[in-house]
Amino acid sequence: MNFNLNKLLRENIKKLSPYSSARDEFSGEAKVFLDANENSLGSPLTKWYNRYPDPHQHAVKDAISKIKGIASEHIFLGNGSDECIDLLYRCFCEPKRDNVIICPPTYGMYEVSANVNDVEIRKAPLLEHFQLDLIHLENLVDANTKLIWICSPNNPTGNSLNREDIESVLNNFSGIVVIDEAYINFAKQKSFIQELTEYPNLVVMQTFSKAWGLAALRLGMAFASSEIISVMNKVKPPYNINQATQEFALKALEEVGQVNDMIKELVSMRDALMDVFEQIPIVEKVYPSDANFILVKIKDARKIYEYLLTKGIVVRDRSNVKLCDNCLRITIGTEQENTLLVDALAEYISQETT
C-alpha cells in the first residue's frame, strides 16, 4: 500500500482557511469575555448557556483519551456519526469525479451522504454469510476511489466481519478505509482503534448512541491519524458540539462501570431472546449477532411487522434490503419489552392456526 494523504485531499480543502472563532484566538483563564458577541445577561433558561462551547471539546476528548488509551489529537467529535460521515466526503471526495465503495447490506447513511455530496457509490455486496467479497471489492477500486466503508459489527445483519479480511483491505488500498464500530461494545471482537499507528489510512468511528445510551445527545466519535483529524477539524463548523452535550458526555464518561454493566445485561438478554426465537415455529433463521439487536428471517415478515404495530410494538422490516428478504431487525429491549414482543408473536401464531 502506498498511502499519501495529500494526494487524497480535495484541492479546495488543501487551500481552505478554516473559520477562526473567538474561542480559537484565546486560550487560558479570563474574568471578562467581551470577544464573541454573546448575550452577557444570560438567557431565559439558565445563566450558564449564554456562552459559546469549547469548539474543540478538550475536556471530553481528554476523558475519552483516558478510556480508549489514545491521545486526544487522534479524536474527532461529531454531531452524531453522521457528521463524521459527511465530513469525510467533503474532505476527500471531489463531486462528480471520485467514488467510494460500500458493502451492502449496511448502514444507509454512507449512500445517502454520498448522494448529497454528488459522489459515485460502488457496491460490493456481502457474501451470503454476510462477509466481505474481497475479490469484488478489489475489482471496483480505481484511481478515483477515495473511501471504503466497512461496518463491523454490521447493521442490519449484526455480525462482525472477519478481521483478517478487513486487514487485507487496509493493507492493499491506498485510499481511506473507514471502519464503523457503532456496535463494537457488544462484540467479542476488539476495536481497530489500537491499530491506528499501523495503518495511516484507517478511520474508526464509534458513538455514544448505543452502549452509552445517549442517542438523543447526537455525539459521534472518529479516531484517526492526527493528520486526518486535523483536516476534519479544519472543515467542521466551529461549534458543532453544543455545551449541554459536552456536559452530559463528561458525566457519562465518569460512569464506565455502570455502562459496562448495562452492556453485559443487554448481551445476556440478546442471547436469551435469540434462544427463544430459535424455538418459534414461524422463524426460519436467527442470524448471529455481535450487536444490541438481532436479525430474524421469518415467514411473512411484512404481515408480522404490521401485526406488531397493532400491539404498539415497533420493529424494523428489512425485507427490501439486499440479502435480507423476509427479515425483521429487532432491537433488544428491556426484559418487559422483550416479553411483550414474544407474547405478541405467540398470539399471532395462535390466531393464524385457529
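The values are calculated or read from the model by the stated rules, or taken from the named source; none is laboratory data. Quick caveat, the model's predicted, so the values are computed rather than measured. Here the Cβ positions follow ideal geometry from the backbone for every residue, glycine too, while neighbour counts run over all protein chains shown.
For this structure, a couple of remarks:
Residue-by-condition table, conditions (1) in contact with a Leu (Cβ under 6 Å, 6 or more places away or on another chain); (2) assigned to a helix (DSSP H, G or I); (3) not assigned by TED's automatic domain parsing to the domain that holds Asp325:
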residue	(1), (2), (3)
Asn240	no, no, yes
Glu247	no, yes, yes
Val267	no, yes, no
Met274	no, yes, no
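- Residue in the stretch 47-64 that is more than 27 Å from Ser152 (Cβ to Cβ), surrounded by fewer than 20 Cβ atoms within 10 Å (Cβ to Cβ), at pLDDT below 85 and not assigned by TED's automatic domain parsing to the domain that holds Lys322 present: yes
- Of all residues making up the stretch 71-95, the number that are more than 19 Å from the chain's Cα centre (by Cα), assigned to a loop (DSSP other than H, G, I, E, B) and crowded, with 16+ Cβ neighbours inside 10 Å: 2
- Residues that are farther than 18 Å from Pro238 by Cα and under 33 Å from the mean Cα position of the chain (by Cα) within the stretch 16-46 comprise Leu45, Thr46, listed in sequence order.
- Of the residues making up the stretch 257-266, at least one is β-branched (Val, Ile, Thr) and closer than 30 Å to Ala59 by Cα.
- If the condition is being free of Cβ contacts under 8 Å to residues at least 60 places away in the same chain and crowded, with 17+ Cβ neighbours inside 10 Å, then the stretch 317-330 contributes Asp317, Asn326, Leu328, Ile330.
- For the stretch 106-216, the helices (runs of 4 or more DSSP H) that sit wholly inside it and include 1 or more residues that are charged (D, E, K, R) and more than 17 Å from Tyr89 (Cα to Cα) are 134-140, 163-172.
- Residues located in the stretch 146-171, provided they are touching a strand residue (DSSP E or B) at 6+ places or on another chain (Cβ under 8 Å) and either surrounded by fewer than 19 Cβ atoms within 10 Å (Cβ to Cβ) or more than 11 Å from Ser289 (Cβ to Cβ) (or both): Lys146, Leu147, Ile148, Trp149, Ile150, Cys151, Ser152, Leu161, Ile166, Val169, Leu170
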